[in-house]
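All remarks here apply to the structure that follows.
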Amino acid sequence: MNKKAVMGIGMLIIFIATVLVSAVAAGVLIKSTGLLQQKALIVEESTRERLVNGVEVFAVFGTGNVSNESIAEFEFLTRVKPGSTPVQMKNLGISFVSGSLAFSAELNDSMIGDSCTFSSLIAETQFCFDNRLGNNDTIFEEGELFAIKYKINASNALPTETDFEVTFLPKNGALEVQLLRTPQLVLQSKIRIR
C-alpha cells in the first residue's frame, strides 16, 4: 500500500506542474492575442486612412485657345472623399503628365479664394484654389466644394485629342488619379473635359 501512496503523490506533483505550465501558457497566449489585436486595429486605421482620406475630382474644365485649338489652363472641381477626415491643402501636391511633359506643383497659399486666378499662378509649379461652398481656409472638410486651378506654359499647351494625367498627392491618404483627354474641338474658351 505504501507503494501506491508514493506513486499517487508523484502523479499529484506532475499533475500540479502540468496545471501551472498550462496556466502560464494560457496567460502568454492571452497577452499575445491582446497585443496582436492592438496592432491589427492600428493597421486597420492606417489602411482606412490611406484608402478613404483625400480629395475627389468630380468635374474638369479647361480654358482653351480657340485660334490654335489648345488648352493650357485647367480647373478641377473637387470635394473631400466621402468618409474622409479633413484634408490640409498645404499638404497636397499635383503631378501633371502628358507625353514627355511631366510637372509637379505645390499650393501657393497666398492665392486662396478671389485671389486665385490663372494670371497670378506660376505655370507648371503652382496651383491655387477657390472655395465654392464653405470657407476659404486651407482645411477642407466634408460638404465643402472647391476649384483647384493649375496651368502649364502656353508653349506646352495641349492640342486637341491629347491624353494627359493629373494626380492629386495628399501627404496622408489615397491618390486621386485623373486620366483625361482634351476634346476634339476647341470652340469656346471654357470647355468641359470631364
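Each Lys and Arg adds +1 at its Cβ and each Asp and Glu adds -1 at its Cβ; summed about the Cα centre, the chain shows a dipole of about 1320 debye. Dimensions of the stretch 104-183 based on its C-alpha atoms, expressed as ranges along the principal axes with the largest first, amount to 35, 29, 22 Å. Run the Debye formula on the Cα coordinates of the chain, all scatterers equal and no solvent, and tell me log10 I(q)/I(0) at q = 0.12, 0.14 1/Å. Each listed q maps to, in turn, -0.66, -0.82. Taking amide H as placed 1.01 Å from N in the peptide plane, the amide H of Ser70 sits under 5 Å from that of Asn65, each at least 5 places away or on another chain. Across the stretch 161-175, coupling constants 3J(HN,Hα) worked out from phi with the 6.51/-1.76/1.60 Karplus curve, θ = phi - 60°, read 6, 10, 7, 8, 10, 10, 10, 9, 10, x, 4, 10, x, 7, 6 Hz, and Gly and Pro carry x. When you filter the GluC sites (Glu not before Pro) in the stretch 116-163 for DSSP loop state and at most 15 other Cβ atoms inside 10 Å of their Cβ, you are left with Glu141, Glu142, Glu161. The radius of gyration of the Cα set in the stretch 57-128, together with its Dmax, comes out at 13.6, 44 angstrom. Computed from the C-beta positions of Asp109 and Asn68 and an R0 of 30 Å, the FRET efficiency is 0.35 to the nearest 0.05.
Between Phe15 and Thr47, the distance separating the two model label sites (each 7 Å from Cα on the Cα→Cβ line) works out to 4.7 nm.
Extension gain, Glu141 to Ser100: 0.36 nm times the residue separation minus the Cα-Cα distance gives 11.2 nm.
Relative to the longest principal axis of the Cα atoms of the chain, helix 2-52 runs at roughly 10 degrees.
All of the numbers you see were taken from the coordinates with simple rules; none came from a lab. In this text, all values refer to a predicted model and were calculated from it rather than measured experimentally. We place every Cβ from the backbone using ideal geometry, glycine too, and count neighbours over all the protein chains shown.
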